[in-house]
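Working notes, beginning with the structure itself.
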Amino acid sequence: MVDSYDDSLDTGEKSKSQVKRELHALVDLGERLTTLKPDLLAKLPLTDAMRRALADAPKHTANIARKRHLMFIGKLMRDQDTDAILTLLDQLDASTRQYNERFHGLERWRDRLIAGDDAVLEKFVLDYPEADRQQLRSLIRQAQHELATNKPPASSRKIFKYIRELDETQRGLR
């Protein structure tokens, strides 16, 4: 008895396991969409039914109701352009990463200015020529005094706000 593989039986259909994996991926994507803010959801190419389902998601707080609603969202995801949604989500993640990197860079400037000397201030003024040295020196002195006397860091926050405004002005965001 010889077992031979018959090519005519291979229809090219997906296996049951592959279909399940794809459906689980759609449910996971739908769950990710439920965590997005409404202004970000508005940018995504979604059907009206999907938008309503995502808006209803926070109402389902019981564990089983939430799970059932996520499965419903997963079912609706079959009718969505998932490639376009994933592309836009990747762009949002990249812009969030860039924003966080810029935010941390501004925090480092603030910390270096408070802990540093005139050389740090000179380097900052070279990078941000529109900076007001006098105002910045005053804020730095106040922040150093607050730090030494264990007071709340109000001036430190003011320095950060000032640096952020300078950065946004320089980048053309203001």
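Whole number please: convex hull volume per residue of the Cα set in the range 31-132, in Å³?
Expressed per residue, the convex hull around the Cα atoms of the range 31-132 is 148 Å³.
For the chain, what is the convex hull volume of its Cα atoms per residue in Å³?
267
Straight-line reach from K43: which lysines fall under 28 Å, measuring Cα to Cα and dropping same-chain residues less than 8 apart?
K59, K67, K75
In deg cm²/dmol and to the nearest 500, what is the mean residue ellipticity at 222 nm of the chain if only DSSP H runs of at least 4 residues count, each as -39500 (n - 2.57), divided by the residue total?
For the chain, the value works out to -23500 deg cm²/dmol.
From the phi angles alone, apply the Karplus equation (6.51, -1.76, 1.60; θ = phi - 60°) to the range 38-53 and give each ³J(HN,Hα) in whole Hz, x where the residue is Gly or Pro.
x, 5, 6, 4, 5, 7, 8, x, 10, 6, 4, 4, 5, 4, 5, 5
Would you mind pulling out the separation of the Cα centroids of the range 138-174 and the range 77-125, in Å?
Each part reduced to its Cα centre gives a spacing of 18 Å.
Taken together, the values in this text are just the output of simple stated rules run on the coordinates, not laboratory data. Just so you know, these numbers come straight off a predicted model, no measurement behind them.
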